[in-house]
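See below for the structure under consideration.
Taken together, the values in this text are just the output of simple stated rules run on the coordinates, not laboratory data. For clarity, every value in this text was computed on a predicted model and none was experimentally measured. Cβ sites come from the backbone with ideal geometry, for glycine too, and all protein chains shown count toward neighbours.
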Amino acid sequence: MLYVGANDGMLHALDASSGANGGNERFAYVPSAVFPNLSKLTNRSYSHQYFVDGSPTAVDAFVSGAWKTILVGGLRAGGRGVYALDVTQPVTSSTAESSVADRVLWEFNHTDTDGADLGFTFGEINIVRMKNGSWAAVFGNGYNSTNGRAVLYIVDLADGSVIRKINTLAGNTTQPNWLAAPAPVDINGDSIVDYIYAGDLLGNMWKFDVSSPNALSWGVAYAGVPLFQARNATNQLQPITERPQIGMHPMGLPTQEGVMVYFGTGKYIETTDNSPTGQNTQTFYGIWDKNQSTLTPFTRAHLLKQQIIDESTVHGYNVRVTTDNKIAWHGTSGNPADSPPTTHLGWYMDLLNTEGGNANNGGERQVSNPILRNGRIIFPTLVPTAIVNACDFGGSGWLMELDAVSGARMAFSPFDLNNDGKFDNNDYADVNGDGVGDTQVSGKQSDVGIIPTPGIVAGVDPVEYQYTPGSTGEIESTRANAGNKDLGRQTWRQLR
């Protein structure tokens, strides 16, 4: 089955088989939070409205004494609510409507008890097993809540009751905040969540400790202080609106050396976000959480600086070159004392082409989930354009690939720019200006407008294909280099 939320007010369940029934709709579901607005669809003066705007998550979980496939979804800009369906048994043309209706497990809306902190539910919902033995839906409270704070919700998957609501106390009605999509992490490999990371609109990257069997003990790690606060070079707060990516630290196992937390900054929600001018510079970060009992607060001054240093055209593609500064990890306690630091607690790269002393960031920001894959951190950026006609799609973006350890450009060509089936110096950029390609590129500009996180399909080693649907309505395919390491198993989940 294929489950798709749509702005017609429904979640659609489509037959994804290749047979005669492929593509047929099996059922549709209207969450109660959007029901009052359905009549607007038939209004002669209708202007665009959001309804079931979020992407659902479906996972096998042990619920109510049995293994079931549970689907949980949010509404993004469509409403302040979350819904859950039991989709264990496929729906066929002979399934009774009453049977389908019984598959609605629960809804959790902002008008419910404990719902006052629930805003518009941007971000994917996580379905995970918690330390107290329950399976739960884990999500950030979303944009524009009544109280204006960043709150993490952990909701029982069986009945929608709130197991734990963790309030960061960051934000208020004067300076509204919200918690973006969280990233649950299993540190010790037992398939149970130990920590949860999530960013907020005020630039805070939070770590939540849920490692206790007692849910009442779950809370913000490090005595309520954020792991990191993102600020640019002029000390402006940088909003975090997407899920971070978590990976092993290169020095050792997560239980010994902690983890790396990768995330970008920026937002694309309000009408003022659509302007390419007057925007604060945004950044992509890779920071080190040492997973120690106490935290010594650190800033970008303690991170390795990488930069975008060149933009040019190679084989018809607009490309970027970035620095390849070397990282030296600060393995002792406390923070690096020198400036710039000779040892580091991570790295960062401002989304700004510094070539020729340029200071115009073009409004570029990072507002899609990054991918950690085979030693690379892969992420798209968004660059808005001034819109004259409201029906124009506008915008562009860059597909970036960096070394996950240091944020440097890769040691090999990440893209087959001349489409010859090889990744070599014929795909390099000419930085020296002598007409010969001499440097690996780190980014490739979209030819299809604004792009989301790419879908990646493995090809014949070392080729992989990265597919990015764009705002022009087209899909761009990029032949990319998967690297020299064996992919192998990236993660696992014990189901039975």
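For a quick check: sort F412, F284 by the number of other beta carbons within 10 angstrom, fewest at the front.
Ranking F412, F284 by Cβ neighbours within 10 Å, fewest first, gives F412, F284.
Quick one: Karplus J couplings for the range 326-331, per residue in order, coefficients 6.51, -1.76, 1.60, θ = phi - 60°, nearest Hz, x for Gly and Pro?
Residue by residue, the range 326-331 yields 8, 9, 10, 6, 8, x Hz.
Is it possible to state the helix-based mean residue ellipticity at 222 nm for the chain, with each DSSP H run of 4+ residues giving -39500 (n - 2.57), the sum divided by total residues, to the nearest 500 deg cm²/dmol? What is it?
-500 deg cm²/dmol
Using only the C-alpha atoms of the range 259-496, find the volume of their convex hull and express it per residue in Å³.
179 Å³
Express as a percent, rounded to the nearest 5, the fraction of DSSP beta bridges in the chain (both residues included) that run antiparallel.
Of all bridge pairs located within the chain, approximately 95 percent are antiparallel.
Normalise the Cα radius of gyration of the range 1-92 by 2.2 N^0.38 Å (N = residues in it) and let me know the number.
Its radius of gyration relative to the 2.2 N^0.38 Å reference: 1.20.
How much of the pair distance distribution for the range 10-53 lies past 17 Å, counting alpha-carbon pairs only, in percent?
Pairs farther apart than 17 Å: 49 percent.
Tell me, what is the Rg over Rh of the range 64-159, with Rh the Kirkwood radius over Cα pairs?
My calculation of the ratio gives 1.01.
On each of the three principal axes of the Cα atoms of the chain, give max minus min coordinate, whole Å, ordered largest first.
That gives 72, 52, 47 Å along the principal axes, largest extent first.
Over all distinct alpha-carbon pairs, what is the Kirkwood Rh of the range 161-247 in angstrom?
Result for the range 161-247, one decimal place: 13.8 Å.
Report for the range 259-496 the percent antiparallel among DSSP-assigned beta bridges with both residues inside it, nearest 5.
Percent antiparallel among DSSP bridges in the range 259-496 is about 90.
In whole Hz, with x marking every Gly and Pro, tabulate ³J(HN,Hα) for the range 223-234 from phi via Karplus 6.51 cos²θ - 1.76 cosθ + 1.60, θ = phi - 60°.
Listing the rounded values in order: 6, x, 9, x, 4, 7, 10, 7, 9, 7, 5, 9 Hz.
Per residue, what volume in Å³ does the convex hull of the Cα atoms of the range 83-220 enclose?
115 Å³
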